[in-house]
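S.K.: Here it is, the structure, as structure tokens.
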Amino acid sequence: MLGEINYLLFDSVVVVSFVACTVYIVFFFTQREELRKVARMIFLGSGILQSLYILSRYFLSGYTPITSQHEAVVFFAWSVTWAYLSFHWRYSVKNFGTFVSVLVLIMLFIAASVSRDLQPLSPVLQSLWLPVHAGLSVIAYGFLALAFCGGIMYLLQERELKSKNFGFFFSRLPSLDSLDQLNNHCLTVGFVFLTLGIITGTLWGRQTWGTYWSWDPKETWSLITWLLYAAQIHQRFTLGWRGRRIALMSIVGFCSVLFTLWGVTFLLGGIHTYAQ
């Protein structure tokens, strides 16, 4: 019975997220304020359903459901959703929800395309470090995904301004200063959680394999990703980098996040690959 509910919940998540994304896109074109409020409420409903789906898989499996490709993508989408909602409750950034909802929907479509079957938990993952390390890392990825969306928006708005063609995007996107502040906030929060994720990962490695760092491909790319974001933080606060440079680095950094999560699994392998 719970298994059937679990499958129904995921289908509901995809449908509700699709509706939210559609309403956001319609709002983006029409700029009718009532649509923005409806889209936000539907997106909140998607976030609640995602949480219920993750909880249902936890009760079915008995462990934190973040060990398969499907679960990892769902957790990522959940993190992006709630990172955006927590951000929105404090800041208001024009049409940010449209870009975030598209990203979340893409992730959920990817999750729907791979097996949802529950996998037995391998002995090495049977540790309290699993929810701590994975949870911190995925929360970090959620905020870094927001920085990625902000970077895309920044480049689109900057292109309009530089060309002096104040057209479609100019009236629908926030000011460059607002987008730069958004980027700064998301990068800072994401970097803190990313650092904590790596620290807890090294402690878990010490407990499991007797070494803090084994230079496994995923560990190596996690370090590369951390260094990319550390460079961004350093350049911003010591050299005053802002605007286009930081927007571009946010996009590059997020590409490194995606490669760390999935590119390593498919191309390089190693002991940290997800179950199919």
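S.K.: Restricting to segment 93-118, name every residue that is over 29 Å from ILE251 (Cα atoms) and either part of a helix (DSSP H, G or I) or hydrophobic (A, V, I, L, M, F, W, C) (or both).
M.R.: LEU118
S.K.: Here is a follow-up. Working only within segment 146-167, note down all residues that are under 15 Å from PHE28 (Cα atoms), within 27 Å of the chain's Cα centre (by Cα) and surrounded by fewer than 20 Cβ atoms within 10 Å (Cβ to Cβ).
M.R.: Correct list: LEU156 only.
S.K.: Follow-up question, since we're still on this one. Restricting to segment 87-112, name every residue that is surrounded by fewer than 16 Cβ atoms within 10 Å (Cβ to Cβ) and at pLDDT below 90.
M.R.: Within segment 87-112, TRP89, ARG90, TYR91, SER92 meet the criteria.
S.K.: Being touching a Pro at 6+ places or on another chain (Cβ under 9 Å), outside the structural domain of LEU179 (by TED's automatic domain parsing), crowded, with 19+ Cβ neighbours inside 10 Å and β-branched (Val, Ile, Thr), is that true of even one residue in segment 57-70?
M.R.: yes
Each row is one residue, and each column tells you yes or no for (1) outside any helix (DSSP H, G or I); (2) within 30 Å of LYS218 (Cβ to Cβ); (3) basic (Lys, Arg).
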site	(1), (2), (3)
PRO120	yes, yes, no
SER137	no, yes, no
LEU144	no, yes, no
LEU155	no, yes, no
PRO174	yes, no, no
ASN183	no, yes, no
PHE191	no, yes, no
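S.K.: Among the listed residues THR265, THR260, which satisfies the condition of being modelled with pLDDT under 75, of a type in the set (Val, Ile, Thr) and either assigned by TED's automatic domain parsing to the domain that holds ALA111 or part of a helix (DSSP H, G or I) (or both)? Spell out how you get there, then give the answer.
M.R.: Working: THR260 fails: modelled with pLDDT under 75.
Exactly one of THR265, THR260 is modelled with pLDDT under 75, of a type in the set (Val, Ile, Thr) and either assigned by TED's automatic domain parsing to the domain that holds ALA111 or part of a helix (DSSP H, G or I) (or both), namely THR265.
S.K.: Looking at this structure, is LEU52 more than 16 Å from GLN119 (Cα to Cα), part of a helix (DSSP H, G or I), in contact (Cβ under 8 Å) with a residue 40 or more places away in the chain and within 17 Å of the chain's Cα centre (by Cα)?
M.R.: On the way: more than 16 Å from GLN119 (Cα to Cα): yes; part of a helix (DSSP H, G or I): yes; in contact (Cβ under 8 Å) with a residue 40 or more places away in the chain: yes; within 17 Å of the chain's Cα centre (by Cα): no.
Answer is no for this residue.
S.K.: May I ask you to list the residues in segment 15-42 that are touching a residue at least 60 places away in the same chain (Cβ under 8 Å) and either crowded, with 20+ Cβ neighbours inside 10 Å or not hydrophobic (A, V, I, L, M, F, W, C) (or both)?
M.R.: SER17, ALA20, CYS21, TYR24, PHE27, PHE28, GLN31, ARG36, ALA39
The values are calculated or read from the model by the stated rules, or taken from the named source; none is laboratory data. In this text the structure is predicted, and so the values were computed from the model without any measurement. A quick note on method: Cβ atoms are made from the backbone with ideal geometry, for glycine too, and the neighbour counts reach across all protein chains shown.
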